[in-house]
Every structure is written in structure tokens, then in C-alpha cells.
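See structure below.
The values are calculated or read from the model by the stated rules, or taken from the named source; none is laboratory data. No experiment lies behind these values; they were computed from the predicted model shown. Reconstructed Cβ throughout: ideal geometry from the backbone, glycine too, with neighbour counts over all protein chains shown. When the accessible area is computed, the model is the full protein with side chains, heavy atoms only, and any ligands, DNA or RNA have been set aside. Shrake-Rupley method; radii C 1.70, N 1.55, O 1.52, S 1.80 Å.
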Amino acid sequence: MENEKKNINEIENVLVIEGRNPVLEAFRSGKPIDKVFVLDGCQDGPIRTIIREAKKHDTILNFVGKERLNQISDTGKHQGVIAFAAAYEYAQVEDMLELARTRGEDPFLILLDNIEDPHNLGAIIRTANVAGAHGVIIPKRRASGLTATVAKTSAGALNYTPVAKVTNLARTMEELKKKGLWFVCADMEGDSMYGMDLTGPIGLVVGNEGEGVGRLIKENCDFMAGIPMKGDIDSLNASVAAGVLAYEIVRQRMYKS
């Protein structure tokens, strides 16, 4: 078993998807699933649905004990089901702009700097999806990749929200500015987001709660947006800050239209 897990984790083109909702959403989105491990004897509704989807797609089904699932699991929160799929394919930034054109909307992108916690990345991808953002851009260095934990935390959003990985985030921002986008950076020292016009083609830049956004990236931003703090601490978790700012963008877009 340990050898099987080691071999799977060493293959770059395999994505481990854990949890009932993420596995079910992967099937429903059309992602090719190679193999599914299901807790033997589990017969509740979501598991039966996953088994039905697996059979419909000719996916290999393995009914195993809890101990074996625990050995395979990367997150420890498999909920009785783990799937192996082809690794998630990163999108291109142009794919996100095309998605905006298809929807007839101004581009809304979320750019992440120094987000190394997979839970934060997964939560931000989930927020991006429900807020109607056209994609998430992450750098190749000092960033979490699309791991099983990211897929799990995104609650299925990873199957629908384009994520691009770029070599140079600052250069990507410069290229997007030429295409009409402007950038607002989440920053504790920035002006209140409630007094800013956050409409139009926009890129929301978010860093981690410790270091924030790097200097070069911040210099490429047009404005710094602060979230009013009324409590005894002066910072928010990165995914929460992204959610607050993303929904201020949503609010302003709704009222503008």
C-alpha cells in the first residue's frame, strides 16, 4: 500500500481528489477520473451517487477499508471516497479574458502573491467562482500548487474556475494593463474600499496576512484598498480579505448595471 501511494504521488499527471462533494463535482464537470476508492459498506446517498457516476463513466471502482483510505489520503478528510484523476490543467490568462468576452462582462481577475497555504488558495478559488471572477492567477514561485487540499477546500470550484500559473506576476500585470485592466491591491494601509470605484476591467491583488503583497507587485498596482477594521486585531486571513474585497466589487458592479 505504501508503495502504491508513493508511486501515485510521484506521478505529476495525477490529481488526488478527496471528499464527497469534490469527487462528485469532478464527475459532473466532465473531468476524466481514472480510479475511485470508496469505503466498503458505505451506502449513504452521496456515496451511492458517486458509485453510479463511476459506473456510468467506466471508472475503476475499489471498495476498501477505512485504514487503506487513511493511508492514501493526503488531507485526512476523505469522507470515505478518494478519486485519482488526470492532473488539473492550468489555464492561460487569455482563457480568462475570453471567458469574460463570452459572458459580455468586464474582466474580473484575482491575482495572488505569496499565498503558500493550500487552504487559503482553495478558499479563494471557491470565492472567485461564486463571485463571478473569470479566473485566478498565481506565480510559479512561493505559491501553493493545485494539490488535493486545494481541490478539497475549493468544494468543487476548481473544476469550473480557470487558474493560471505565470512565471512573472508583475510582467503579467503589465501585459494586462495594455489590455485595459487596472489593479487594486488589498493593503491594510490603503484607502477604504468603500470610497473607491471598483468597477470596470479589474484585477484584485491579494497577499498573505503576514508579508502581504510583495513590493514589486504592489508598485504595479494602481490603488491600495483597505478593509475597515473595528476590532482588536488589525488583519484578516488572506482568503477572508479576498472574499470581502471580491464582494465589494460584486456589489459595485450590480449597482452600476
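Which value, in debye to the nearest 20, describes the size of the charge dipole of the chain about its Cα centre when Lys and Arg Cβ atoms bear +1, Asp and Glu Cβ atoms bear -1, and nothing else is charged?
Working: 31 positive and 35 negative charges, 155 e Å.
Roughly 740 debye for the chain.
Please report, as a whole percent, how much of the solvent-accessible surface of region 75-188 comes from carbon and sulfur atoms (probe radius 1.4 Å).
Numbers: 2160 of 4680 Å².
The C+S portion of the solvent-accessible surface of region 75-188 is 46 percent.
What is the spin-label model distance, in nm, from Glu89 to Val250 if the labels are put 7 Å beyond Cα along the C-beta direction?
Here the answer is 2.9 nm between the modelled labels.
Consider all pairwise Cα distances in region 35-184 and report the whole-number % of them above 28 Å. Show your work: numbers first, answer last.
Working: 3501 of 11175 pairs.
That tail contains 31 percent of the Cα-Cα pairs.
Test of understanding: what is the full-extension gain from Lys179 to Arg103, defined as 0.36 nm times their sequence separation minus their Cα-Cα distance? Intermediate results must be reported in sequence, preceding the final value.
Working: separation 76, 0.36 × 76 = 27.36 nm, distance 1.72 nm.
Contour length minus Cα-Cα distance gives 25.6 nm.
What are the ³J(HN,Hα) couplings of region 162-178, residue after residue, when phi is run through the Karplus curve with 6.51, -1.76, 1.60 and θ = phi - 60°? Round to Hz, x for glycine and proline.
Each residue of region 162-178 in turn: x, 10, 10, 10, 10, 6, 10, 5, 5, 5, 4, 5, 4, 5, 6, 4, 5 Hz.
Distance in nm between label sites at Lys165 and Lys140, each 7 Å beyond Cα in the beta-carbon direction?
Distance between label points: 1.0 nm.
Please express the Cα-Cα pair-distance distribution P(r) of region 118-164 as a list of whole percents, one per 10 Å bin, running from 0 to the bin with the greatest distance.
33, 59, 8
Return one whole number: the accessible area per residue of region 89-173 in Å², for a 1.4 Å probe. Please list the in-between numbers first.
Numbers: 3390 Å² over 85 residues.
Heavy-atom SASA per residue in region 89-173 reads 40 Å².
Which entries of Lys35/Lys152; Lys178/Lys218; Lys77/Lys140 have Cα-Cα distances beyond 19 Å here?
Details: Lys35/Lys152 17 Å; Lys178/Lys218 17 Å; Lys77/Lys140 27 Å.
The answer is Lys77/Lys140.
Quick one: dipole size for region 101-225, taken about the Cα centre, charges +1 on Lys/Arg Cβ and -1 on Asp/Glu Cβ, in debye to the nearest 20.
Details: 14 positive and 15 negative charges, 137 e Å.
Dipole size: approximately 660 debye.
With every atom except the alpha carbons ignored, what do you get for Rg and Dmax of the chain, in angstroms?
When restricted to the Cα atoms of the chain, Rg and Dmax are 19.7, 57 Å.
Just want to confirm a number: the relative contact order over the chain, from Cα pairs under 8 angstrom separated by 6+ residues, in percent.
Working: 479 pairs, mean separation 48.9, N = 257.
RCO, the chain: 19 percent.
List the cysteines in the chain whose Cβ has no other cysteine Cβ under 4.7 Å from it.
Cys42
Using the Kirkwood formula over every pair of different C-alpha atoms, what hydrodynamic radius in Å results for region 38-121?
Values: mean 1/r = 0.0608 Å⁻¹.
Taking every pair of different Cα atoms in region 38-121, averaging 1/r and inverting gives 16.4 Å.
Specify which residue in the list Ile47, Tyr194, Asn237 is farthest towards the positive end of the charge dipole of the chain, using unit charges on the beta carbon of Lys, Arg (+1) and Asp, Glu (-1), about the Cα centre.
Ile47
Once amide H atoms are placed 1.01 Å from N in the peptide plane, what residues at a sequence separation of 5 or more from Leu111, or on another chain, have their amide H within under 5 Å of its amide H?
Ile137, Leu204, Val205, Val206
Please compute, for the alpha-carbon atoms of region 95-216, the extent along each of the three principal axes and give them in descending order in Å.
35, 35, 29
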